[in-house]
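S.K.: Pasting a structure below so you can have a look.
The values are calculated or read from the model by the stated rules, or taken from the named source; none is laboratory data. Just so you know, these numbers come straight off a predicted model, no measurement behind them. Ideal geometry is used to build each Cβ from the backbone, glycine not excepted, and the neighbour counts take in all protein chains shown.
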Amino acid sequence: MSSIITIDTLRESEKQTIGRLLVESYAQFQYAYEKQSDWLAYAEDLANSVNNPFVDRFLVARDENEVLGTVQLFRNSETAYNNPDLKIFSPIIRMLAVSPAAKGKGIAQALLKESMNYAREQGADCIYLHTSDT
């Protein structure tokens, strides 16, 4: 029996689960931080990002009720970074995360596809993906 991956919005009851998933997914980068305290601060920020009021849409990938991945979508650079000077007026993808146990199953691809649908809904002709060195 094959699993059916669905993409939907975040449920309030999933916030803690999504926070843990973000930390687990990004934990592969913890050794890129010179200080463990810097990683721990970032991990806390990741977990707390589920409460960011400026996220326009939280997408969640599920296999039935199991959460497999997530992404946060912002309308523009002002909401994503509190920085209108960047002059990014199109949607921005941030905090893309897939459960380590679900990697290689097309979860990120499905989340990105739905993110592009979101951009079209917003009338945008492009979407930005936020990345960083760590």
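S.K.: Report yes if some residue within region 86-99 is at pLDDT 95 or above, surrounded by 12 or more Cβ atoms within 10 Å (Cβ to Cβ) and part of a helix (DSSP H, G or I); otherwise report no.
M.R.: no
S.K.: While we're looking at this one, here's another question. Those residues that are surrounded by 13 or more Cβ atoms within 10 Å (Cβ to Cβ), of a type outside the set (Val, Ile, Thr) and either in contact with a Lys or Arg (Cβ under 9 Å, 6 or more places away or on another chain) or assigned to a helix (DSSP H, G or I) (or both), I need them from region 1-18; list them, please.
M.R.: Leu10, Glu14, Lys15
S.K.: Step by step: first the residues of region 7-52, then only those that are among the hydroxyl-bearing types (Ser, Thr, Tyr) and under 12 Å from the mean Cα position of the chain (by Cα), then the one that is farthest from Ile107 (Cα to Cα). Which residue is that?
M.R.: Ser49
S.K.: Quick check on my filter: what residues within region 19-60 are charged (D, E, K, R), within 25 Å of Ala119 (Cα to Cα) and part of a helix (DSSP H, G or I)?
M.R.: The initial filter retains those residues of region 19-60 that are charged (D, E, K, R), namely 20, 24, 34-35, 38, 44-45, 56-57.
Okay, now just the ones that are also within 25 Å of Ala119 (Cα to Cα), so 56-57.
Within region 19-60, no residue meets the criteria.
S.K.: Also, quick follow-up: Within the set of pairs 6 or more residues apart or between chains, which connect a residue that is touching a residue at least 12 places away in the same chain (Cβ under 8 Å) and hydroxyl-bearing (Ser, Thr, Tyr) inside region 104-123 to a residue that is in a helix (DSSP H, G or I) and loosely packed, with under 14 Cβ neighbours inside 10 Å with Cβ atoms less than 7 Å apart?
M.R.: Listed by first residue and then by second, the contacts come to nothing, as the list is empty.
S.K.: Identify all residues within region 124-134 that are among the β-branched types (Val, Ile, Thr) and either touching a residue at least 24 places away in the same chain (Cβ under 8 Å) or in a strand (DSSP E or B) (or both); write none if there are none.
M.R.: Once the filter is applied, which keeps residues that are among the β-branched types (Val, Ile, Thr) and either touching a residue at least 24 places away in the same chain (Cβ under 8 Å) or in a strand (DSSP E or B) (or both), region 124-134 yields Ile127, Thr134.
S.K.: Here's another thing I want to ask about it. Given the structure, is Leu73 within 11 Å of the chain's Cα centre (by Cα), buried (at least 18 other Cβ atoms within 10 Å of the Cβ) and part of a strand (DSSP E or B)?
M.R.: yes
S.K.: Could you list, in sequence order, all residues of region 19-55 that are in contact (Cβ under 8 Å) with a residue 60 or more places away in the chain, buried (at least 16 other Cβ atoms within 10 Å of the Cβ) and not aromatic (Phe, Trp, Tyr)?
M.R.: Scanning region 19-55 gives Leu21, Leu22, Glu24, Ser25.
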